[in-house]
Amino acid sequence: MDRPSPQARIRRPGRPGGWTLIEQLMLVAIVAVLATIAVPSMHGLLERSRLRSAQMDLIAGLQQARYLAISRGLPAIVCPSRDGGTCLKSSRWEQGWLIAIDRDGNDQPDHSVLLTGPHASGGMHVRSSSGRYRVRFHPDGSAAGSNLTLTLCLPHEEDRALNVIVSNPGRVRGEPASAAQTAACSGNG
């Protein structure tokens, strides 16, 4: 049985292949409506992801400092830092932070900084509770002072903030912030 050649195929008269202008305009209109619906929810998803990532970075940094204090048998500090070399006496941590060994107890890094944390981008706020400006881990893994809560928030996400909590025994964990913590974080104070 012979097959017809591609040139011999029968074409329907009056309708060439392809899309008409009306079909193309309808497709563009549908895509525009879907994009208008999806963009705001994608923005919120990206903001929540950025906030969660900053929380996880801070938790990992604090856990690393605790591990360093235990493994080296020396006090380790985590503090806000603008330049990555000295500690700031500030309860605002959004400009970055550092981890260092503090042999002499002066709340400043000895000789070399072991790790620095990222600058919080996009206007993110990071505030510590009770005006605390550092976390000190003892060689036994415990944290000096009272429990510390660091609250992370974004200026345009007033209903959403996250906490990083360091307990006296040195346990570090994350959780959602309360409404009062969120309001205090998103303020300029």
Subject >> Which listed residue, of 103, 136, 132, is at pLDDT 85 or above and of a type in the set (D, E, K, R) >> reply: 136
Subject >> Exclusive hit being among the charged types (D, E, K, R), modelled with pLDDT of 90 or more and out of contact with any His (no Cβ under 7 Å at 6 or more places or on another chain), set 82, 3, 66, 9 >> reply: 66
**OP:** Examine the range 31-39 for a residue that is farther than 20 Å from residue 164 by Cβ and among the hydroxyl-bearing types (Ser, Thr, Tyr), and state whether such a residue exists.
**Re:** yes
Subject >> Pairs, first modelled with pLDDT of 90 or more in the range 28-48, second not aromatic (Phe, Trp, Tyr), C-beta under 7 Å, six or more apart >> reply: none
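The values are calculated or read from the model by the stated rules, or taken from the named source; none is laboratory data. Predicted model only: the values in this text are computed from it and were never measured. Neighbour counts run over all protein chains shown; Cβ positions are idealised from the backbone, glycine included.
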